[in-house]
Amino acid sequence: MTPYPHLPHEPPQIEMTVDGRMVDPPGARWTDRLIRYAVVAAAVAALLALAALAFWLAVIMIPLAFAAAAVAYVALRWRLWKLGGGTGFPFR
């Protein structure tokens, strides 16, 4: 039985020297730091790949937007020509 039955787990232990100073926790191992840097590098690479994909899609859509605008212009001029009673060529 724990001395603190109202807590779901043991309270943390505080490490202190005899003169009252706190003991520093051990530093991270070099393998932990290496893994942390590898995860950060992978996240940055994934974000760069996502940004490159978004840029590529935007560049691909520019000619499509011009083509859609050209089709819309031709359709508008055709409709205006039809409404005008057939006078003149529709594309001036």
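Some observations on this one:
- Per residue of the chain, the DSSP helices (runs of n ≥ 4 H) give a summed -39500 (n - 2.57) that works out to -22000 deg cm²/dmol at 222 nm.
- Using Cβ point charges alone (K and R +1, D and E -1), the dipole size of the chain about the Cα centre works out to roughly 1220 debye.
- Gain upon complete extension [A49, Y37; 0.36 nm per residue less C-alpha separation]: 2.5 nm
- Placing dummy labels 7 Å off each Cα toward the beta-carbon, the span from R21 to L83 is 8.8 nm.
- Among residues other than P25 with Cβ under 14 Å from its Cβ, the summed charge is -1 (Lys and Arg +1, Asp and Glu -1).
- Considering only P12, P25, P63, the Gaussian network model of the chain with Cα springs below 10 Å gives its largest mean-square fluctuation to P12.
- Within the chain, all pairs of alpha-carbon atoms sorted by distance into 10 Å bins from zero give the percentages 12, 14, 13, 13, 11, 9, 8, 8, 7, 4, 0.
Any read-out appearing in this document is the output of simple, stated calculations on the displayed coordinates, not a laboratory observation. These numbers come from a predicted model, not from an experiment. Heads up, the Cβs are rebuilt from the backbone with ideal geometry, glycines too, and the neighbour counts pull from every protein chain shown.
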